[in-house]
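A.B. asks: Below: one structure in structure tokens.
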Amino acid sequence: MTDHGPLIPRNRAIHPEPYDPGYKTSVARSPFLPLLSMESTPSEETGPRFGHTKLGALDNNLILNWTKGAAPAVGERILVHGRLLDEMNRPIPNALIEIWQANAGGRYRHKKDTYFAPLDPNFGGCGRTITDENGYYEFLTIRPGAYPWPNRANDWRPMHIHFSIFGHSFGQRLISQMYFEGDPLINHCPIAATIKDRSQLDRLVAPLDFSKSRPLDFLAYKFDIVLRGRRQTMFENKLEGM
Amino acid sequence: MVQKLETLIESASQTAGPYVHIGLMPTYAGNAGYYDEEIGTTPFLDESKAKGEIVEIVGSVFDGTGWAMRDALIESWQCDAGGVFPGDKSADPAFTGHCRFAADAESGEFTLRTVKPGSYQGRGGVESAPHISLWVVARGINIGLNTRIYFEDEDNANDPLLNRVEQRPRVNTLIAKKTGNGKYRFDIRLQGEGETVFLDI
């Protein structure tokens, strides 16, 4: 087995608190006991690859993929793009990124979502793509609506897109959310507030990016993502006895 | 000012939320046919040709009140029956090693059908007992929870991870109980009595 070095241990301080009373559902769904820490093993350092999976031509186009190209979704057209990097600042190529989101009215196409904003018959709300050789990805979609949710008596989610990201190791697996620059609801959201370090939350807020906006067609937002990296020093992975 | 590091910081996690199935398991969310090919519906490319014993592991994810969660989504990753991880040239070509499964919306039970993994030698030649890695996400889980399934009918005595668990009875939370031929039970308890050992690895 090739040894690419252990994963850099996760800095839990930049991640949300598992137990956060402001986000009520987390209260009964967070472990009380400490996590068991140890150096990564092949089980975390290897991971699934999706070369065998056939992605459809419209999989990263949420404006058209629900209707298979027959009719566009309602909403403000946007391009979401960025790079997938690791902690060593290296691009992660050929990695699977999946996203899901509410429609322009703030309603999800899920059997459990009963919010009275209407479903858009032309919008499904999920997409996926594989990063290119430079770790770059793009999605064409519509800006999701904000929506109310049952937590405290009047909580609203800011506009957001859910991201699920694979690197090349199962230990890099990450789910996060992308927020939009300038959305005033970010400062009122108990889920965003589970991240205690404001600078880490700010890194989940995508800026408006005119460099990728297409005139008379769509605006663009840039969202770079960083996954765990791997440690390798001159003192590691040497032949036995050296 | 000291020198500036050129490393980056990992992006912060956020909960998968209640609608994670739309993105990862569209058929489960009621959106069958969204993709031509859904990812992770089975760890087999061809079950009839896969090497090793086929096993079915059934269980639930319980919250701190003892309620079997209806919305948990789990991913598994493992080596093949020969102890080789898919992606390696010598791995079983009929097996991907990766599966996604969700708690049933009615019963709260999940089923993982896969091959029983072999053991492998890790860094420094340390041999691990056969195990499957799990990653659990759901509404209310702010960062995905990692754990492992071991098997009660394997020799787990020298496993390097299990041996790090100080309170020995907690090791049992990582071991699937045999319920029949090729059948196992593995429950996950997020919090409180019998809390599963979760990993920072």
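A.B. asks: Say we join alpha carbon atoms closer than 10 Å with springs in a Gaussian network model of chain B; which of B:Gly64, B:Gly33, B:Gly182 then has the biggest fluctuation?
C.D. replies: Comparing B:Gly64, B:Gly33, B:Gly182 in the GNM, the peak value goes to B:Gly33.
A.B. asks: Residue by residue through region A:122-133, which ³J(HN,Hα) values in whole Hz follow from phi under the Karplus form 6.51 cos²θ - 1.76 cosθ + 1.60 (θ = phi - 60°), with glycine and proline marked x?
C.D. replies: My calculation for region A:122-133 gives 9, 10, x, x, 9, x, 7, 7, 10, 5, 7, 5 Hz in order.
A.B. asks: Under 25 Å Cα-Cα from B:Lys178, which lysines qualify once same-chain neighbours fewer than 8 residues away are excluded?
C.D. replies: Cα-Cα hits under 25 Å: B:Lys49, B:Lys51, B:Lys116.
A.B. asks: Can you sort A:Val74, A:Val205 so the residue with the fewest Cβ neighbours within 10 Å comes first? Don't jump to the answer; show the numbers that get you there.
C.D. replies: On the way: A:Val74 15, A:Val205 18.
Fewest to most other Cβ atoms nearby, the residues stand as A:Val74, A:Val205.
A.B. asks: Using a Gaussian network model of chain B whose springs link C-alpha atoms within less than 10 Å, name the residue from B:Trp135, B:Trp67, B:Trp77 with the highest mean-square fluctuation.
C.D. replies: In this elastic network of chain B, the residue with the biggest mean-square fluctuation among B:Trp135, B:Trp67, B:Trp77 is B:Trp67.
A.B. asks: Just to compare against my own numbers: the Cα pair-distance distribution for region A:66-222, 5 Å bins, whole % per bin, please.
C.D. replies: 2, 8, 16, 20, 21, 17, 10, 4, 1, 0
A.B. asks: Tell me which residues come under 5 Å, amide H to amide H, from B:Arg189 once H is placed; ignore anything under 5 positions away on its chain.
C.D. replies: Hits under the 5 Å cutoff: B:Phe62, B:Thr196.
A.B. asks: Something else now. Under a Cβ-only charge scheme (Lys and Arg +1, Asp and Glu -1), can you give me the dipole magnitude of the protein assembly as shown about the Cα centre, in debye to the nearest 20? Kindly include the intermediate steps, with their values, before the conclusion.
C.D. replies: Working: 48 positive and 55 negative charges, 150 e Å.
Once rounded to the nearest 20, the dipole reads 720 debye.
A.B. asks: Further, regarding this structure: Can you compute log10 of I(q)/I(0) for the protein assembly as shown with the Debye formula, treating each Cα as one identical point scatterer, at q = 0.06, 0.07, 0.14 Å⁻¹?
C.D. replies: Values, matching the q order: -0.24, -0.33, -1.43.
A.B. asks: What's the Cα-based Rg to Rh of region A:1-102, Rh via Kirkwood? Please list the in-between numbers first.
C.D. replies: Values: Rg = 19.3 Å, Rh = 18.5 Å.
Taking Rg over the Kirkwood Rh, I get 1.05.
A.B. asks: Next question. Which residue, B:Leu162, A:Pro121, A:His188, has the largest displacement toward the positive end of the dipole of the protein assembly as shown when charges sit on each Cβ (Lys, Arg +1; Asp, Glu -1)?
C.D. replies: A:His188
A.B. asks: With no solvent and one point on each alpha carbon, what is the Debye value of log10 I(q)/I(0) for region A:168-242 at q = 0.18, 0.19, 0.22, 0.23 Å⁻¹?
C.D. replies: Summing over Cα pairs of region A:168-242 leads to -0.88, -0.93, -1.07, -1.11.
A.B. asks: In 5 Å bins starting at zero, report the fraction of Cα pairs in region A:11-64 per bin as a rounded %.
C.D. replies: 4, 12, 11, 12, 11, 11, 18, 16, 5, 0
A.B. asks: Pairs to check: A:Lys196/A:Lys222; A:Lys24/A:Lys196; A:Lys68/A:Lys111. Give those whose C-alpha atoms are more than 18 Å from each other in this structure.
C.D. replies: A:Lys196/A:Lys222; A:Lys68/A:Lys111
A.B. asks: Whole angstrom only: what separates the Cα centroid of region B:1-71 from the Cα centroid of region A:166-242?
C.D. replies: Rounded to whole Å, the Cα centres lie 19 Å apart.
A.B. asks: If we count other beta carbons within 10 Å of each Cβ, what is the order of B:Leu45, B:Leu112, fewest first? Mind showing how you got there, number by number?
C.D. replies: Values: B:Leu45 14, B:Leu112 23.
Listed from fewest to most nearby Cβ atoms, that is B:Leu45, B:Leu112.
A.B. asks: Can you list which of the trypsin sites (Lys or Arg not before Pro) found in region A:168-242 are DSSP loop residues with at most 10 other C-beta atoms within 10 Å?
C.D. replies: Those satisfying the criteria are A:Lys238.
A.B. asks: Cα-based Rg of region B:14-189 per 2.2 N^0.38 Å, rounded to two decimals? The partial results should precede the final answer.
C.D. replies: Values: Rg = 16.4 Å, N = 176, 2.2 N^0.38 = 15.7 Å.
Its radius of gyration relative to the 2.2 N^0.38 Å reference: 1.04.
A.B. asks: Could you tell me the distance between the Cα centroids of region B:162-196 and region A:78-150, to the nearest Å?
C.D. replies: 35
A.B. asks: Filter the chymotrypsin sites (Phe, Trp or Tyr not before Pro) in region A:16-97 to those in DSSP coil with at most 14 other Cβ atoms within 10 Å of their Cβ, and list the result. Walk me through the numbers on the way to the answer.
C.D. replies: On the way: sites: A:Tyr19, A:Tyr23, A:Phe32, A:Phe50, A:Trp66; in loops: A:Tyr19, A:Tyr23, A:Phe32, A:Phe50, A:Trp66.
Answer in residue order: A:Phe32.
A.B. asks: Please list 3J(HN,Hα) in residue order for region A:108-121, calculated via the Karplus relation 6.51 cos²θ - 1.76 cosθ + 1.60 where θ = phi - 60°; whole Hz, with x for glycine and proline.
C.D. replies: 8, 8, 9, 4, 8, 8, 10, 4, 7, 4, x, 5, 8, x
A.B. asks: Here is a follow-up. Identify the residues of region A:83-107 with backbone N under 11 Å of a label point that sits 7 angstrom from the Cα of A:Asn134 along the Cα-to-Cβ direction, or state none.
C.D. replies: A:83
A.B. asks: Residue by residue through A:119-128, how many Cβ atoms from other chains fall within 10 Å of the Cβ on average?
C.D. replies: What the average comes to for A:119-128 is 3.
A.B. asks: Starting from the eigenvalues of the Cα gyration tensor, five times each then square-rooted, give me the equivalent ellipsoid semi-axes of region A:86-163, largest first, whole Å.
C.D. replies: Value: 30, 15, 9 Å, ordered largest first.
A.B. asks: Another question, then. Which of B:Val165, B:Val20 comes first, and how do the rest follow, when ranked by fewest Cβ neighbours within 10 Å?
C.D. replies: On the way: B:Val165 16, B:Val20 26.
The fewest-first ordering by Cβ neighbours comes to B:Val165, B:Val20.
A.B. asks: Once the Cα atoms of region B:111-185 are picked out, what are the Rg and Dmax in Å?
C.D. replies: 13.5, 39
A.B. asks: Let me ask another. Between B:Glu56, B:Glu154, B:Glu106, find the one with the highest GNM mean-square fluctuation for chain B; connect C-alpha pairs within less than 10 Å.
C.D. replies: Looking only at B:Glu56, B:Glu154, B:Glu106, the biggest GNM fluctuation is shown by B:Glu106.
Readers should treat all values here as calculations from the given coordinates under stated rules, not as data from a laboratory. No experiment lies behind these values; they were computed from the predicted model shown. When we count neighbours, we look across all protein chains shown, and the Cβ atoms used for this are built from the backbone with ideal geometry, even at glycine.
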